[in-house]
1. Looking for something surrounded by fewer than 21 Cβ atoms within 10 Å (Cβ to Cβ) and out of contact with any Phe, Trp or Tyr (no Cβ under 9 Å at 6 or more places or on another chain) - is there at least one such residue anywhere in segment 7-15?
2. Hey, any hits in segment 34-51 for a residue that's assigned to a helix (DSSP H, G or I) and touching a strand residue (DSSP E or B) at 6+ places or on another chain (Cβ under 7 Å)?
3. Could you tell me which of the residues Tyr63, Tyr36 is surrounded by fewer than 22 Cβ atoms within 10 Å (Cβ to Cβ), modelled with pLDDT of 95 or more and within 21 Å of Pro245 (Cα to Cα)?
4. For segment 91-111, state whether one or more residues are modelled with pLDDT under 95 and among the aromatic types (Phe, Trp, Tyr).
5. From the list Asp209, Asp204, pick out the single residue that is in contact (Cβ under 8 Å) with a residue 40 or more places away in the chain, farther than 23 Å from Val93 by Cβ and of a type outside the set (A, V, I, L, M).
6. Could you check segment 1-33 and list, in sequence order, the residues that are assigned to a loop (DSSP other than H, G, I, E, B) and within 13 Å of the chain's Cα centre (by Cα)?
7. So Gly38 passes all but one of these: (1) closer than 18 Å to Pro148 by Cα; (2) within 14 Å of the chain's Cα centre (by Cα); (3) small (Gly, Ala, Ser). Which condition number does it fail?
Amino acid sequence: MSDKSSWPIGIFDSGVGGLTVLKELEELLPNENFIYFGDTARVPYGNKSRETIIKYAIENTIYLMNQKIKLLVVACNTASAFAINSLTSLFSVPIVNVIEPCVETALKLTKTKSIAILGTRGTIESKIYQKEFKKKDKSVQVQAIACPLFVPIVEEQFFNHPSTELIIQEYLLPLKDSSIDTLLLGCTHYPFLKRQINNCIGNDTQIIDSGYSCAQEVKKRLEDCNLVNKKLQNKIRRFCVSDDPEKFSILSKLLLKKQIDRVELVRW
């Protein structure tokens with residue numbers, strides 16, 4: 001059997017949001033190689049049907065599997081909500097989603113057991129977070145809010161536009177008089193708006209995103225499967241998209257504060 005430990009970790013998202021997960025993975029696992037696929041031709045996923053999301057997730061995974069990955073990270077909450085069972089039944093590679101690790105972290109941190117979730121319409125309507133919380137702690141109170149405009153705001157670089165703050169305020173209005181002490185960002189795009197969300201929600205509420213928790217789970221799975229890369233070598237980091245690599249490169253640099261040398265265009 002060939003040694004797969006130096007094979008890359010595959011990550012996919014609908015666009016640039018999964019870069020928030022990649023950033024945490026690179027910090028926690030500096031020896032690992034990564035290949036990131038952003039499905040920029042079909043972003044956003046949050047307003048698509050269940051069947052369409054599953055189809056996209058399978059296609060993305062097939063592409064990454066053809067690159068010989070050792071582990072897959074579904075760095076998209078909507079795809080995690082709808083497609084994770086299909087992916088685990090179809091592919092033998094270890095698969096980590098962003099939902100379960102985030103729920104575990106929120107339950108450890110909340111003191112009031114009152115938690116709010118922001119997510120895409122698809123993620124919120126799937127009730128996946130509510131189900132996961134109730135599965136682990138029936139006493140927790142969960143308030144879920146769909147924020148369908150957040151992904152386009154990030155993808156179109158409207159971070160500092162005056163309307164963005166108004167949109168955030170409108171979405172968070174139901175939380176104004178709530179007793180929540182923990183706010184979970186249930187979409188990997190949303191950490192790019194964390195500062196604005198924090199300004200609106202206030203410092204008394206702790207904000208959790210998927211990146212750190214997901215990275216910790218990936219580390220554990222690599223150790224459990226004996227797939228940790230212990231070799232010191234030139235690190236491989238590939239970025240692939242289904243449309244407009246130039247826009248992805250510009251946006252990635254803006255979001256991550258680092259240059260991405262090359263973005264590959266994938267043609268289906």
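1. Yes: one or more hits.
2. No: segment 34-51 contains no residue that is assigned to a helix (DSSP H, G or I) and touching a strand residue (DSSP E or B) at 6+ places or on another chain (Cβ under 7 Å).
3. The match here is Tyr63.
4. No: segment 91-111 contains no residue that is modelled with pLDDT under 95 and among the aromatic types (Phe, Trp, Tyr).
5. Exactly one residue qualifies, and that residue is Asp209.
6. Ser14, Gly15, Val16, Gly17, Gly18 - these are the residues of segment 1-33 that are assigned to a loop (DSSP other than H, G, I, E, B) and within 13 Å of the chain's Cα centre (by Cα).
7. Among (1) closer than 18 Å to Pro148 by Cα; (2) within 14 Å of the chain's Cα centre (by Cα); (3) small (Gly, Ala, Ser), Gly38 violates only (1).
The values are calculated or read from the model by the stated rules, or taken from the named source; none is laboratory data. Quantities reported herein were computed from a predicted structural model and do not represent experimental measurements. Cβ coordinates were reconstructed from backbone atoms using ideal geometry, including for glycine residues, and neighbour counts include every protein chain displayed.
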